[in-house]
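> Handing you a structure now.
Every read-out reported here was derived from the displayed coordinates using simple, explicitly stated rules and does not represent laboratory data. This one's a predicted model, so the numbers in the text were calculated from it and none came from an experiment. Note that we place each Cβ from the backbone using ideal geometry, even for glycine, and neighbour counts take in every protein chain shown.
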Amino acid sequence: MSKRKATKKTVKQNATKGSQQKIERVNTGITGFDKLILGGFKKNSVNLIAGGAGSGKTIFAVQFLVTGLKKGEAGIYLTFEEKKEGFYEDMLEFGWDLKRYEDENKFVFLEYTPEQVKKVLIEGGGAVDAIIKKLKVKRLVIDSITSFALLYEDELTRKQASLALFELISSWDCTALLTSQGSSEQDIEITATTEFEVDAIILAYHIKKKGTRVRAIEILKMRGTDYPEKTVAMDIIDKKGVTVNPNKIVTF
């Protein structure tokens with residue numbers, strides 16, 4: 001066999017071997033949604049769900065955390081807007097007892113100001129880094145990244161800060177889900193240009209159609225994942241949380 005033919009054979013074998021290697025996935029626990037993304041988010045990826053008020057992005061994010069908590073995976077919910085007592089009470093409507101997980105040292109609720117997160121970046125992780133290492137946190141939610149972005153006046157500084165945040169999250173060996181205001185691709189481009197640095201962007205809709213509010217979800221981007229380019233039905237159900245119907249296409 002000639003050297004050239006041997007090289008071609010080796011390349012082909014390597015390509016076949018590479019195609020057989022499966023990407024490790026982290027199940028989101030969102031009924032119907034994981035079917036759209038080959039079983040879940042890529043492990044240790046940084047993902048974003050964007051939507052307007054009432055679109056269900058926070059419930060989606062907490063459901064992602066609870067799914068991990070049920071498996072024994074520690075999680076952190078870092079928020080700029082929610083108050084702990086009221087938040088815990090609201091989540092009980094879906095059967096999620098976050099206080100119990102907190103008492104078991106599996107879950108941490110962090111109410112930070114955007115300025116405190118800015119300090120975390122300067123300190124290279126600070127208190128958050130210590131918690132993640134101590135509890136071996138595997139799932140992280142930041143709600144919402146929009147408040148953090150507003151700290152920076154110009155686009156360049158905002159981009160640099162966001163990139164620093166993404167790099168910090170990546171160093172923590174956990175799968176992250178960030179939320180953001182904005183229910184369309186155009187809104188994301190206007191309010192937070194650096195969000196294109198994340199591994200996935202999901203859009204959650206809550207739009208009025210013929211006098212009735214309709215919920216839907218769309219995957220705008222997801223690296224390393226073959227996903228359907230369609231907008232499908234989404235619902236929020238008491239004692240269950242977010243559910244997605246991957247077979248029901250929604251048009252507006």
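> For the stretch 231-252, name all the residues that are assigned to a loop (DSSP other than H, G, I, E, B) and surrounded by 16 or more Cβ atoms within 10 Å (Cβ to Cβ).
250 - this is the single residue of the stretch 231-252 that is assigned to a loop (DSSP other than H, G, I, E, B) and surrounded by 16 or more Cβ atoms within 10 Å (Cβ to Cβ).
> Additional query: Tally time: how many residues in the stretch 109-133 are within 16 Å of residue 69 (Cβ to Cβ) and surrounded by fewer than 20 Cβ atoms within 10 Å (Cβ to Cβ)?
Qualifying residue count, the stretch 109-133: 3.
> Turning to a different aspect of this structure: Among helices (runs of 4 or more DSSP H) lying entirely in the stretch 33-118, which contain 3 or more residues that are touching a residue at least 24 places away in the same chain (Cβ under 8 Å) and within 25 Å of residue 167 (Cα to Cα)?
By residue number, 57-70.
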